[in-house]
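The values are calculated or read from the model by the stated rules, or taken from the named source; none is laboratory data. This is a predicted model, so every value here is computed, not measured. Don't worry about glycine lacking a Cβ; one is built from the backbone with ideal geometry, like all the others, and counts go over all protein chains shown. Surface areas here come from the heavy atoms of the whole protein model, side chains and all, with no ligands, DNA or RNA. Shrake-Rupley method; radii C 1.70, N 1.55, O 1.52, S 1.80 Å.
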Amino acid sequence: MEKLIDLGTIIESGINKLEENFSGLWGAIDDIISWTVHSMNNVLLGIPFYIIIAFVALGAYYANAEKNAFKIEGLKKGGGLTLFVILGLFLVFAMGYWEESIQTTTLVIVSTLIALIFSIPLGILAARSKTADVIIRPILDLMQTMPAFVYLIPAIFFFSVGNTPGVVATVIFSLPPAVRLTCLGIQNVPSDVIEAGRAFGATEKQILFKIQLPLAKPTILAGINQVILLALSMVVIASMVGAKGLGSIVYQGIQQNDIAKGFESGLGIVILAIILDRITQAIAKK
Amino acid sequence: MTDQRKIKIKVEDLTLIFGKRKQEALALLDKGISKEEILKKTKCTVGVNKVNFEIKEGEIFVIMGLSGSGKSTLIRCLNRLNEPTAGKVFFDEHDITRETNKELLETRRTEMSMVFQKFGLLPHRTILENAAFGLEIRGEEKLAREEKAQQALETVGLKGYEQQFPSAMSGGMQQRVGLARALANDPEVLLMDEAFSALDPLIKSDMQDELLAIQSKLQKTIVFITHDLDEAMKIGDRIAIMKDGVVDQIGTAEEILTNPATEYVEAFVNKVDRKTIITAETLMFKKNTLVQMPKDGPKGSIRKMRTIGVDVLPVEDENKVFLGYVWLQDLLELEIEKETSIEKALKTNVPSVYKSYSVEDMLPLITGTKYPLAVIEEETGKLLGLISQTSLIIEATRFGKKEISELKERANEM
């Protein structure tokens with residue numbers, strides 16, 4: 001059937017123009033992201049694996065045990081996760097995927113940080129301005145329903161293959177929940193508390209930083225947790241455009257029909273996901 | 001004395017209209033068109049309708065009305081949490097409605113603090129940090145503001161709770177924090193929006209007493225919103241009664257009780273429990289003849305009684321502190337026994353009250369005694385006057401004298 005409206009071509013020519021006219025910008029973004037991922041990988045891989053395992057285990061313990069860290073209750077609360085961290089990460093190391101796991105973690109951390117730099121201010125904006133909310137909301141809907149693979153195409157187009165298109169696609173894919181939850185958290189701050197702030201002469205900035213953001217913190221942290229998990233799932237897909245890490249092993253497993261590889265790397269991703277999720281959840285609960 | 005105090009807040013033709021076509025609605029309102037008509041024509045609601053009043057320095061001015069009467073909207077016009085559509089609000093000499101945003105922030109930060117029905121405390125901060133919130137907004141140093149907040153917390157009786165969080169406290173205590181937060185700013189004006197309405201009755205009464213005690217020390221100008229006329233009568237120096245955005249009557253509790261201006265006010269007043277408003281001071285009669293110990297012996301006392309024709313007299317000591325009563329029959333016995341002191345006849349186990357006691361407070365005291373209630377000055381212990389049991393019962397029951405004497409006879413027969 002003949003197309004009445006050729007939307008695809010219009011978008012394509014738009015993207016072409018963007019690529020041509022701002023090539024300097026794309027180059028700069030590529031440089032910054034590649035450099036950050038590269039140096040973070042180098043630093044983390046330079047540290048012996050057991051120190052990293054110990055560090056993550058301690059982090060997991062403190063996140064759960066809080067004030068009771070030196071008491072029996074603390075051990076009861078934080079003990080399980082700590083044990084899981086030690087055994088899980090050691091298993092990853094023993095299977096021979098330590099380097100890939102670090103690469104994946106780096107990609108998750110960098111993408112999450114970039115996503116948060118955009119999503120939290122956007123969420124604040126959406127919560128405080130109806131116009132912004134009306135504009136942002138459908139864009140978020142679009143971003144969340146669009147199949148994740150679709151983001152890979154323009155990402156390659158702008159940044160060719162490698163870690164950068166992976167990070168960019170991951171950022172776009174994982175950003176919506178943080179915007180939504182930041183917006184929701186701020187909108188749910190009781191109006192009487194805000195009114196009290198106004199009555200005492202608080203400026204808009206003071207209301208945001210002293211009342212709205214602190215009260216919205218648990219919801220915002222839940223949003224960050226979602227971003228991290230989405231980033232992790234996207235990083236696997238991003239291996240199709242050359243992002244390194246456990247995802248590329250999964251990808252190899254599929255291509256080579258190698259069950260052993262696929263299972264091991266898949267298990268590694270699950271272990272990372274559980275650790276990241278439980279630790280961020282414990283921090284959010286505080 | 002009241003007239004010499006200077007005017008702190010003056011409200012002139014204050015009007016607030018909710019809706020999009022405010023100016024159109026305002027023009028209609030000026031023409032004298034009714035609220036309902038304006039709502040039909042412009043879809044605008046008149047929240048506050050040309051309100052005028054003056055509040056004197058150090059006064060507790062109560063604005064009372066049922067929900068939807070516009071009282072909360074009105075108080076929010078005073079600090080412009082609600083933007084008035086027309087009219088003026090003078091604070092001392094300057095017109096708050098003309099202030100720029102910056103001036104308005106300054107006014108809110110230094111001159112008027114607000115206490116809210118729902119407290120409006122920050123759950124993630126300790127009590128001390130909450131009390132210091134206004135000062136923090138104002139930009140005061142941490143140490144200075146915490147010291148002031150500490151003092152304010154002591155004023156409201158929350159010493160020792162500084163490091164607790166609001167969620168750990170009862171409603172009454174949370175509202176004390178709300179009050180401390182307002183006091184810590186040391187404003188000239190306190191705006192209290194249904195501040196005690198969310199509390200249960202006993203706590204509410206406690207908080208009212210507390211507020212009156214604080215007010216007698218600090219002498220702030222207080223604007224207090226309530227829907228409870230009993231509360232209004234208890235704490236208000238003057239009361240404005242509001243209905244449908246209009247102030248129906250402004251006056252003291254007594255003026256409003258005795259002379260309700262409209263049917264609406266009258267309907268309110270009829271529901272008021274007079275028992276809680278009429279105080280010992282209004283009921284007592286002055287007693288000029290007293291027996292003084294040790295100066296007066298039995299003979300002198302009997303003589304005093306005979307001159308004014310009574311069989312019981314109050315007794316005071318040489319410092320005019322009230323001691324009790326003596327009865328004629330006891331004195332006569334002492335006279336026969338040739339005693340020189342009346343000490344043996346003195347009955348000290350007698351009820352006494354201060355002049356601020358209400359009828360409700362005093363009623364329980366008269367059961368099981370035949371003595372009149374002695375009204376005592378709080379500071380000196382001096383006798384101010386007496387209240388007869390009959391007048392107290394009349395006031396409490398609003399029965400006629402006949403009914404009372406019937407009741408008494410019946411009680412005696414039993």
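What to note about this one:
- A residue that is in a helix (DSSP H, G or I), more than 14 Å from chain B (Cβ to nearest Cβ) and surrounded by fewer than 23 Cβ atoms within 10 Å (Cβ to Cβ) can be found somewhere in segment A:204-223.
- Any hit, segment A:109-116, residues being in contact with a Pro (Cβ under 6 Å, 6 or more places away or on another chain) and more than 22 Å from A:Thr203 (Cβ to Cβ): no
- Conditions (1) at pLDDT 90 or above; (2) within 21 Å of the chain's Cα centre (by Cα); (3) within 13 Å of another protein chain (Cβ to nearest Cβ); number of the one not met by B:Ala198: (1)
- In segment A:163-199, residue farthest from A:Ala28 (Cα to Cα) [restricted to those that are open to solvent by 20 Å² or more (accessible area, probe 1.4 Å) and away from chain B (no Cβ under 14 Å)]: A:Gln187
- Whichever residue in segment B:112-155 is small (Gly, Ala, Ser) and open to solvent by less than 50 Å² (accessible area, probe 1.4 Å) and, among such residues, is nearest to B:Ile225 (Cα to Cα): B:Ser113
- Near pairs, Cβ below 9 angstrom, 6+ apart or cross-chain, from segment B:198-216 (farther than 23 Å from B:Gly120 by Cβ) to any residue that is surrounded by fewer than 16 Cβ atoms within 10 Å (Cβ to Cβ) and among the small types (Gly, Ala, Ser): none
- As a summary of the residue check, A:Ala243 satisfies the conditions (1) open to solvent by 40 Å² or more (accessible area, probe 1.4 Å); (2) part of a loop (DSSP other than H, G, I, E, B) except for the one numbered (1).
- Test: residue in segment B:166-173 that is more than 24 Å from B:Ser197 (Cβ to Cβ) and modelled with pLDDT under 95: no
- Helices (runs of 4 or more DSSP H) enclosed by segment A:79-174 - at least 1 residues per element that are in contact with a Cys (Cβ under 9 Å, 6 or more places away or on another chain) and among the acidic types (Asp, Glu): A:130-145
- Of the candidates B:Leu190, B:Leu183, the single residue that is away from chain A (no Cβ under 12 Å), crowded, with 17+ Cβ neighbours inside 10 Å and in contact (Cβ under 8 Å) with a residue 60 or more places away in the chain is B:Leu183.
- When segment B:59-69 is filtered for residues that are open to solvent by less than 10 Å² (accessible area, probe 1.4 Å) and not β-branched (Val, Ile, Thr), the ones remaining, listed by number, are B:Glu59, B:Phe61, B:Met64, B:Gly65, B:Ser69.
- Some residue of segment A:215-238 being touching a His at 6+ places or on another chain (Cβ under 8 Å) and at pLDDT 90 or above: yes
- Segment A:246-259: number of residues that are open to solvent by 40 Å² or more (accessible area, probe 1.4 Å) and touching a residue at least 24 places away in the same chain (Cβ under 8 Å): 0
- Out of B:Ile33, B:Ile38, sole residue that is open to solvent by 20 Å² or more (accessible area, probe 1.4 Å), within 19 Å of B:Ala86 (Cα to Cα) and of a type in the set (A, V, I, L, M): B:Ile33
- Residues (within 14 Å of another protein chain (Cβ to nearest Cβ) and under 11 Å from the mean Cα position of the chain (by Cα)) located in segment B:201-229: none
- Of all residues in segment A:8-67, those being modelled with pLDDT under 85 and among the small types (Gly, Ala, Ser) number 5.
Residue by residue, here is whether (1) buried (at least 17 other Cβ atoms within 10 Å of the Cβ); (2) outside the structural domain of B:Leu199 (by TED's automatic domain parsing); (3) outside any helix (DSSP H, G or I); (4) among the polar types (S, T, N, Q) holds:
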| position | (1), (2), (3), (4) |
| --- | --- |
| B:Gln215 | yes, no, no, yes |
| B:Phe224 | yes, no, yes, no |
| B:Met242 | yes, no, yes, no |
| B:Gln249 | yes, no, yes, yes |
| B:Leu257 | yes, no, no, no |
| B:Pro260 | yes, no, yes, no |
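- Residue selection: A:Ile10 fails the criterion of being touching a Pro at 6+ places or on another chain (Cβ under 8 Å), closer than 29 Å to A:Ala169 by Cα and surrounded by fewer than 17 Cβ atoms within 10 Å (Cβ to Cβ).
- Checking each residue in segment B:285-318 for being within 18 Å of B:Tyr357 (Cβ to Cβ) and modelled with pLDDT of 80 or more picks out only B:Pro314.
- At least 3 residues being more than 9 Å from chain A (Cβ to nearest Cβ) is the threshold, and among the strands (runs of 3 or more DSSP E) wholly inside segment B:60-166 those reaching it are B:60-64, B:86-91.
- Hits in segment A:117-139 - residues which are crowded, with 19+ Cβ neighbours inside 10 Å and farther than 29 Å from A:His38 by Cα: A:Gly123, A:Ile124, A:Ala126, A:Ala127, A:Ile136
- Looking across segment A:211-248, the residues that are of a type in the set (Gly, Ala, Ser) and at negative phi come down to A:Ala216, A:Ala222, A:Gly223, A:Ala231, A:Ser233, A:Ala238, A:Ser239, A:Ala243, A:Gly247, A:Ser248.
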